[in-house]
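The next block holds one structure in the form of structure tokens; read it before the comments.
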């Protein structure tokens, strides 16, 4: 058996005896025998393409199949260009992280979130730190607060084995703008309250 060709059956590949035919202008040409439909397509120097094999009777269209495939491939290429693969970047924290280290890791996380990637934040407890899990949650909360203008917690801090894990997802453009507006309004309101009499 020959390998199955990708795409719609065309011309001699069509096996249905009777077809509902649509002409090259998108108009109904009626129900006709396969041979008649093929002859009609041939006379117009076009292809007969089966577009709906499960209909009763199957539906075929008269068109320039080469041009149709070219347009289809062009559309698929455009769609692929617009697609973006989201990666998950990992940032590791520690229970007793220094302020400067936290700032550096925050900058990295913000860069990843701005690029549209998700950030997996992990904090592993070593030795006696297991008895101080509340400290780990505090570090996660602080980190989350520092990155809130660019990302939101898709998964709140939770234990996975010996580690505390949190997933941050990048904010959508309109969410980011809404946050910026809210901050601006808060600044204006604060300035209005602090105006001396």
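From the Cα gyration tensor of segment 88-172, with a ≥ b ≥ c the square roots of its eigenvalues, which class applies: rounded if a/c is under 1.5, or else prolate if a/b is larger than b/c, or else oblate? Don't skip to the answer; put the middle values down first.
Details: a/c = 2.15, a/b = 1.63, b/c = 1.32.
Prolate.
Can you put 33, 168 in order of Cβ neighbours within 10 angstrom, beginning with the fewest?
Final ranking by Cβ density, sparse to dense: 33, 168.
In nm, give the distance between the simple-model label positions of residue 138 and residue 103, each being 7 Å from the Cα along the Cα-to-Cβ direction.
2.0 nm
Exposure proxy check: 59, 36 ranked by fewest other beta carbons within 10 Å? Don't skip to the answer; put the middle values down first.
Values: 59 19, 36 15.
Final ranking by Cβ density, sparse to dense: 36, 59.
Could you tell me the distance between the Cα centroids of segment 93-147 and segment 6-60, to the nearest Å?
63 Å
Suppose each label sits 7 Å from its Cα in the direction of the beta carbon; what would the residue 178-residue 27 distance come out to in nanometres?
Inter-label distance under the simple model: 5.1 nm.
Quick one: compute the contact order of the chain, relative version, from alpha carbon pairs under 8 angstrom and 6+ residues apart, as a percent. Don't skip to the answer; put the middle values down first.
Working: 246 pairs, mean separation 26.4, N = 197.
Reported as a whole number, the value is 13 percent.
Apply 1/(1 + (r/R0)^6) to the Cβ-Cβ distance of residue 128 and residue 149, taking R0 = 35 Å, and write down the FRET efficiency to the nearest 0.05.
Values: r = 35 Å, r/R0 = 1.00.
Computed FRET efficiency for residue 128 and residue 149 comes out at 0.50.
Using Cα atoms only, what is the angle between the long axis of helix 173-193 and the major principal axis of the chain, expressed in degrees (0 to 90) to the nearest 10?
For 173-193 against the chain, the angle is about 30 degrees.
Going by alpha carbons, how many degrees (0 to 90, nearest 10) lie between the helix axis of 133-147 and the longest principal axis of the chain?
Here the helix axis deviates by roughly 60 degrees.
Quickly estimate the mean residue ellipticity at 222 nm for the chain, helices only: each DSSP H run with n ≥ 4 gives -39500 (n - 2.57), and the total goes over all residues, rounded to 500.
Working: 5 runs with 80 residues, N = 197.
Helix-only estimate at 222 nm: -13500 deg cm²/dmol.
Tilt of helix 34-43 relative to the longest C-alpha principal axis of the chain, in degrees (0 to 90, nearest 10)?
Value to nearest ten degrees: 90.
On full extension of the chain, what length is gained from residue 80 through residue 52, given 0.36 nm per residue of separation minus the C-alpha to C-alpha distance? List each step's numbers first, then the result.
Values: separation 28, 0.36 × 28 = 10.08 nm, distance 2.59 nm.
Residue separation times 0.36 nm, minus the Cα-Cα distance, leaves 7.5 nm.
Using r as the Cβ-Cβ distance of residue 69 and residue 40, and R0 as 22 Å, what FRET efficiency do you calculate, to the nearest 0.05?
Numbers: r = 21 Å, r/R0 = 0.95.
Efficiency for this residue pair is about 0.60.
If one puts a single equal scatterer on every Cα of the chain and applies the Debye formula without solvent, what log₁₀ I(q)/I(0) results at q = 0.12, 0.13 Å⁻¹?
The calculated log intensity ratios at q = 0.12, 0.13 Å⁻¹ are -0.73, -0.78.
Laboratory data are not the source of any read-out in this text; all were calculated from the coordinates shown. Small disclaimer: the values here were computed from a predicted structure and weren't measured. Here Cβ is always computed from backbone atoms with ideal geometry, including for glycine, and neighbour counts include all displayed protein chains.
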